[in-house]
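Note sheet for the following structure.
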Amino acid sequence: MLKQRIITALILFFLAVGAIFFTPPLVFAASCWLLCLIANYELAKMYRFNKLQITVSMIINTLIAVGIGQVNYDLSQIIRIVSVATWCFAVPLVLIFTPKHFSKLAIAIFSGLLFIPAYYALTILHALFGPWQLISIMAIAWVADTGAYFVGKQFGKHKLAPRISPGKSIEGAIGGLILVVIYLVALKYFNLADYLVTYSMAFKFAAILTVISIAGDLFESWLKRVAGVKDSGSILPGHGGVFDRIDSLIAVLAIAFAIIRGML
């Protein structure tokens, strides 16, 4: 299973790098939204939306995502507010109270709140900072996941959120945080991240985005638990569905954008 996960992860990484570095802006944006649409579809299927409901959900979210790009007005502040409200208030409340049921309307709303800000963050960060900076931000989620997985597997004894995801441990979360701190401090030391003005900022980014990454992972885990499914899909060998793979990434992108937007 680990070998399969690594192979799939490497393939996804090179596909992502190819799209980020070698595709025109319009193709890049379309590729990003296609990924979000697949995750949107998986989430709707998890909650047994019928074909019409799935189609309507995907069309509405697509119209909003495309419409945001066509409006002759800077909507980044609104996206920032939505991202913070979602990941710093709505998601934590769900994780605290762990509701046993989500209505289809709630899932439809969440699909927009989860994927549209992440898509916006991807395209804007790519346009503002370029491919290398975007990759460095995306890598925060990957580093946090990697650290949590391997440290948790080796040393994990204390459950982080046993009701939500029994496999996650406090030790794993700390391991992920430490690895992200090392990663961001190294970026700052070698002046590889334009958004890290000071070492203090590197530590703040590490603390906030590691917590947000974990929250994204736990939130998707609870959505799956309530829906009664193990994985969001089966398209990615060793990882399940696309939503399984990008749960922490969409959270990190949305909040990283919110932080950076607040600095500009």
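The values are calculated or read from the model by the stated rules, or taken from the named source; none is laboratory data. Note that the structure is a prediction, hence the values are computed from the model and not measured. Reconstructed Cβ throughout: ideal geometry from the backbone, glycine too, with neighbour counts over all protein chains shown. When the accessible area is computed, the model is the full protein with side chains, heavy atoms only, and any ligands, DNA or RNA have been set aside. Shrake-Rupley method; radii C 1.70, N 1.55, O 1.52, S 1.80 Å.
Tabulated data
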{"quantity": "Trypsin sites (Lys or Arg not before Pro) restricted to DSSP loop in the stretch 219-252 with at most 14 other C-beta within 10 Å", "calculated": "Lys230"}
{"quantity": "Projected-area mean, the stretch 1-40, by convex hull of Cα positions, square nanometres", "calculated": "3.1 nm²"}
{"quantity": "Signed unit charges on C-beta, dipole axis of the stretch 1-82, positive-most listed residue Ile6, Val71, Leu34", "calculated": "Ile6"}
{"quantity": "Per residue convex hull volume, Cα atoms of the stretch 124-243, in Å³", "calculated": "120 Å³"}
{"quantity": "Coarse-grained scattering of the stretch 46-126 at q = 0.21, 0.22, 0.23 Å⁻¹, given as base-10 log I(q)/I(0) from a Debye sum over alpha-carbon atoms", "calculated": "-1.06, -1.12, -1.17"}
{"quantity": "Whole-percent carbon and sulfur share, accessible surface of the chain, 1.4 Å", "calculated": "72 percent"}
{"quantity": "Estimated FRET transfer efficiency (Asp231, Met201; beta-carbon r; R0 35 Å; 0.05)", "calculated": "0.45"}
{"quantity": "30 Å Cα-Cα reach of Lys224 towards lysines, excluding residues that sit fewer than 8 places from it in its own chain", "calculated": "Lys3, Lys45, Lys51, Lys100, Lys104, Lys153, Lys157, Lys159, Lys168"}
{"quantity": "FRET E, pair Val56, Thr23, Förster distance 30 Å, beta-carbon r, rounded to 0.05", "calculated": "0.55"}
{"quantity": "Separation in nanometres of the label points that stand 7 Å from Cα toward Cβ, at Leu93 and Leu63", "calculated": "2.7 nm"}
{"quantity": "The stretch 1-91, dipole about Cα centre (Lys/Arg Cβ +1, Asp/Glu Cβ -1), debye to the nearest 20", "calculated": "360 debye"}
{"quantity": "Cβ charges +1 (Lys, Arg) and -1 (Asp, Glu), total dipole of the chain, debye", "calculated": "740 debye"}
{"quantity": "More than 17 Å apart - percent of Cα-Cα pairs taken over the stretch 20-159", "calculated": "69 percent"}
